[in-house]
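The values are calculated or read from the model by the stated rules, or taken from the named source; none is laboratory data. What you see is a predicted model, and the numbers here were worked out from it, not measured in a lab. Using ideal geometry, Cβ is built from the backbone for each residue, glycine included, and neighbour counts are taken over all protein chains shown.
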């Protein structure tokens, strides 16, 4: 684990130097990737590529062959296809609800930690889409 100990240390731990480097850009405001068409700058190359695709129609959209939804990253398309296939390998330890991605599972765990209650019914805003994570409501005081 790498520990963030720069000018404005936040105490966060990072598994790799590259993750630490990306995080430090938040504190320094560094945006090393610039658009060749306009004045916008980005902290990550992937953000620049998404901008080029959406704003300047430069690049290739990846399209779901089932619903024709478009993606700018192959990993996002692969995760999306898992939803069509019904694959849900991630299980919540509190309610046994299954999720397609670890991100979806972490969202309910984050909600649980920030509200100090176990909310099994919660609708989380993800990319302008409401996703129902669980289907009942219980309040439990977490220690």
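Take the conditions (1) within 23 Å of residue 103 (Cβ to Cβ); (2) surrounded by 12 or more Cβ atoms within 10 Å (Cβ to Cβ); (3) at pLDDT 90 or above; residue 45 misses just one of them, which is (2).
Taking each residue of the range 19-32 that is more than 10 Å from residue 44 (Cα to Cα) and looking for partners that are not in a helix (DSSP H, G or I) with beta-carbon atoms closer than 6 Å, six or more apart or interchain, yields 20/2; 20/14; 24/6; 27/8.
What do you reckon, is residue 50 closer than 29 Å to residue 78 by Cα, in a helix (DSSP H, G or I) and at pLDDT 90 or above?
Details: closer than 29 Å to residue 78 by Cα: yes; in a helix (DSSP H, G or I): yes; at pLDDT 90 or above: yes.
Judged against the criteria, residue 50 is a match.
Residue 64 meets the conditions (1) touching a residue at least 12 places away in the same chain (Cβ under 8 Å); (2) under 21 Å from residue 106 (Cα atoms) in every case but one. The failed one is (2).
Return yes when residue 31 is touching a strand residue (DSSP E or B) at 6+ places or on another chain (Cβ under 7 Å) and either more than 30 Å from residue 85 (Cα to Cα) or in a helix (DSSP H, G or I) (or both) and no when it is not. Before the answer, list the steps.
Details: touching a strand residue (DSSP E or B) at 6+ places or on another chain (Cβ under 7 Å): yes; either more than 30 Å from residue 85 (Cα to Cα) or in a helix (DSSP H, G or I) (or both): yes.
Yes: the conditions hold for residue 31.
Among the residues of the range 53-69, those identified as out of contact with any helix residue (DSSP H, G or I) (no Cβ under 9 Å at 6 or more places or on another chain) and not in a loop (DSSP other than H, G, I, E, B) are 53, 54, 55, 56. Every test in (1) over 28 Å from residue 12 (Cβ atoms); (2) in contact (Cβ under 8 Å) with a residue 24 or more places away in the chain is passed by residue 86 save one, and that test is (2).
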